[in-house]
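As structure tokens, the structure follows; a few thoughts come after it.
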Amino acid sequence: MFKGFRVGAVTLSAVMLAAASGAQNPKATLSIQLDKPLHAVSPTLYGLMTEEINYSYDGGLYAEMVRNRTFYDHGWSGVPHWNLVHVGNADAIMTVDETDGPSEALPRSLLLNVSKADPENQAGVRNEGYWGMAVHPGTTYIGSFYAKADTGDIGPISIALIGDNTGSALASATSEPLTTVWKKYEFTLKTGNVETSSENHLRLTVGHAGKVWLSLVSLLPPTYKNRENGNRIDLMEKLAAMHPQFLRLPGGNYLEGDTVEERFDWKATIGPMVDRPTHRSPWDYQSSDGLGLLEFLEWTEDLHIQPVLAVYAGYSLKGAHVPPGAGLSPYVNDALDEIEFLTGDAASTKWGAVRAKLGHPAPFPLTYVEIGNEDTFDHSGSYEGRYAQFYKAIKTRYPQLQLIATMPLKQMKPDVVDDHYYQRADEFFDLVKHYDSVDRNGPKIFVGEWATREGGPTTNFGAALGDAAWMTSLERNSDLIVMASYAPLFVNVNPGGMQWESDLIGYNALSSYGAPSYYAQSMFAEYLGTEVPASALQGGSHRFFYSVTRDAAKGKVYLKLVNANSTPQPLEINLDGAGKVGESGILVTLGAANPAETNTISAPTRIVPVKTTLKDVGSTFSHTVPGYSVQVLEISAR
């Protein structure tokens, strides 16, 4: 009975699918006037917004493998992510020493008190990493730590990468003998023909009784472009494939912090790691600040994009604010110093010289500076005055910079206003005409955070449809919208790694993947012209969206088509005003069986773009857009 019912259900489903495949929406006509450009496309339209959330930096982009490397995370049940190691009959205990560390910035350490050990029976600690440590064959890992001992005869520290399930050493090294003063010790671990796995940990042990203090324990795999303190290769490659033009840094809430003291204090994030005090992020975990201001800027340099610098403007998330006036002046001066760090001459400015001393004599390009973040949440009403104080000081010294306000202002016109949108797909479908009628005499728009919030930990295909529909609006209004960036960018998919659903790129210690929304954005950014020609759509479904841009110098037209219906959308396309239209083009399709379909860490490429040849193209031609799909048509037209 049960089996018969299931067969019948499958047969009925097949009939329903067949019927659906035969149905389609009413035919639409899209007319494009190529010889009538309406406006230029912003050259910085698509970019990246970054934030320390979902373990985006520590445990994510920043390649550091050791978790809680400075022992600032500690609780009632011991030292998080660290455990004792006893080999043979060795014996030891560990505690956090709050009074002794390798520097003024790091005044604490892990105290390992070894009561019994010898070279064959060692005692020490192990670190579990960020939900494991990814180990690959034939790979060199660069490590270091700060240490001291209570006596000069405790000997060296033995370091090893250990397989969780075997206990075998995958790579090992030995430090120089410890001394009674704080010192940095460096080592390398080189794996042989080992199995690729993330089920590994780092072990540090000694073979002599005594006390050992440890701090700033670090292990880095190969990094993107071999940066000394760099980023994960796979994640940087995914960012590069998005074809971004800018990076908004260092983040939104991460910039503000929960309190003024927990803001992103950029001066505390530059220089040697041992001089960076770390700080608590607003998502309830400690930020190592290994990814500091200079590393953010090197990130933009590695991707050949420009920074959009957000400066702390006197408001923090839990409501504390600094009113305009003398009390705000130190924060204004701090922002001026920060801009000088980016752009100042290495020979003639204080902070330009600091940047050069840190290994980067050349200044970084800078066009946009954002003053604060989401200051609509500041119920004191102080933002207008705070913005004006920053605006005056920055414009006086740097008149060429474009300054971004985080909310509309009543008493002055900012250069740019930052709008944020977190919506469901159907809400974005209703918003696609929002900017069509916005006053072009007002400030320019930076859509600094936006996302279709469907799916988790990364978005599903329904979200990709909402995102793509919204991006047609961004392109159509790119005379007004100078920049746009999705948020959040990253999520660690391990249990406990996510604080915010519907993210763009998911990962664990070993691998990463892009959500359907990631591929939609990559498609839109890769196939983008320099101008928006006049166009009009007649007929079609109310869940069908399009945008068209043209690059006259390349002789290319880029047509984006978004069908959020389950049924196909037939379309007649008229290309007017072109002397010659190629007979074939490029067709890129991103599609799914239904809006709930998605990619995961175990099925990372279930939904990816498929590139084929677009045939039978002419000044007038027919094309059918499949149900639940996002398409890009690249057409040659001169």
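The values are calculated or read from the model by the stated rules, or taken from the named source; none is laboratory data. Note that this is a predicted model, so its numbers are computed, not measured. Here Cβ is always computed from backbone atoms with ideal geometry, including for glycine, and neighbour counts include all displayed protein chains.
What to note about this one:
- Checking 212, 181 one by one, the residue that is surrounded by 23 or more Cβ atoms within 10 Å (Cβ to Cβ) and assigned by TED's automatic domain parsing to the domain that holds residue 123 is 212 and no other.
- Residue 345 vs. criteria closer than 26 Å to residue 49 by Cβ, in contact (Cβ under 8 Å) with a residue 12 or more places away in the chain and touching a helix residue (DSSP H, G or I) at 6+ places or on another chain (Cβ under 7 Å): no
- Screening the candidates 605, 600 for the property of being surrounded by fewer than 20 Cβ atoms within 10 Å (Cβ to Cβ), in a loop (DSSP other than H, G, I, E, B), touching a Gly at 6+ places or on another chain (Cβ under 8 Å) and modelled with pLDDT of 95 or more yields one hit, 600.
- Selection status of residue 433, over 16 Å from residue 481 (Cα atoms) and over 24 Å from the mean Cα position of the chain (by Cα): no
- Residues satisfying the stated conditions in segment 80-103, i.e. touching a residue at least 40 places away in the same chain (Cβ under 8 Å) and either of a type outside the set (Gly, Ala, Ser) or assigned by TED's automatic domain parsing to the domain that holds residue 58 (or both): 81, 82, 83, 84, 85, 87, 97, 100, 102
- Test: residue in segment 422-434 that is in the same structural domain as residue 312 (by TED's automatic domain parsing), surrounded by fewer than 17 Cβ atoms within 10 Å (Cβ to Cβ), in contact with an Asp or Glu (Cβ under 9 Å, 6 or more places away or on another chain) and not β-branched (Val, Ile, Thr): yes
- Looking across segment 483-532 at every residue that is in a helix (DSSP H, G or I) and under 18 Å from residue 598 (Cβ atoms), the one that is nearest to the chain's Cα centre (by Cα) is identified as 518.
- Sub-6 Å Cβ pairs linking a first residue in segment 403-414 that is buried (at least 21 other Cβ atoms within 10 Å of the Cβ) to a second residue that is part of a loop (DSSP other than H, G, I, E, B), at least 6 apart or interchain, are 405/414; 406/372; 406/373; 406/374; 414/443, ordered by first then second residue.
- Matching option when the condition is under 18 Å from residue 113 (Cβ atoms), surrounded by fewer than 20 Cβ atoms within 10 Å (Cβ to Cβ) and assigned by TED's automatic domain parsing to the domain that holds residue 135, among 164, 153: 153
- Residue 210, sole failed condition from (1) in contact (Cβ under 8 Å) with a residue 40 or more places away in the chain; (2) on the phi < 0 side of the Ramachandran plot: (2)
- Some residue of segment 438-458 being more than 16 Å from residue 565 (Cα to Cα) and in a helix (DSSP H, G or I): no
- Residue within segment 73-81 that is surrounded by fewer than 22 Cβ atoms within 10 Å (Cβ to Cβ) and closer than 18 Å to residue 163 by Cα present: yes
For every residue, the table says whether it meets (1) buried (at least 24 other Cβ atoms within 10 Å of the Cβ); (2) small (Gly, Ala, Ser); (3) part of a loop (DSSP other than H, G, I, E, B).
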site	(1), (2), (3)
33	no, no, no
44	no, no, yes
51	yes, no, yes
55	yes, no, yes
60	yes, yes, no
69	yes, no, yes
84	no, no, no
92	no, yes, no
102	yes, no, yes
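- Every test in (1) out of contact with any Asp or Glu (no Cβ under 9 Å at 6 or more places or on another chain); (2) surrounded by 24 or more Cβ atoms within 10 Å (Cβ to Cβ); (3) assigned to a strand (DSSP E or B); (4) not acidic (Asp, Glu) is passed by residue 535 save one, and that test is (2).
- Residues that are surrounded by fewer than 16 Cβ atoms within 10 Å (Cβ to Cβ) and within 27 Å of the chain's Cα centre (by Cα) within segment 338-366 comprise 358, 359, 361, 362, 365, listed in sequence order.
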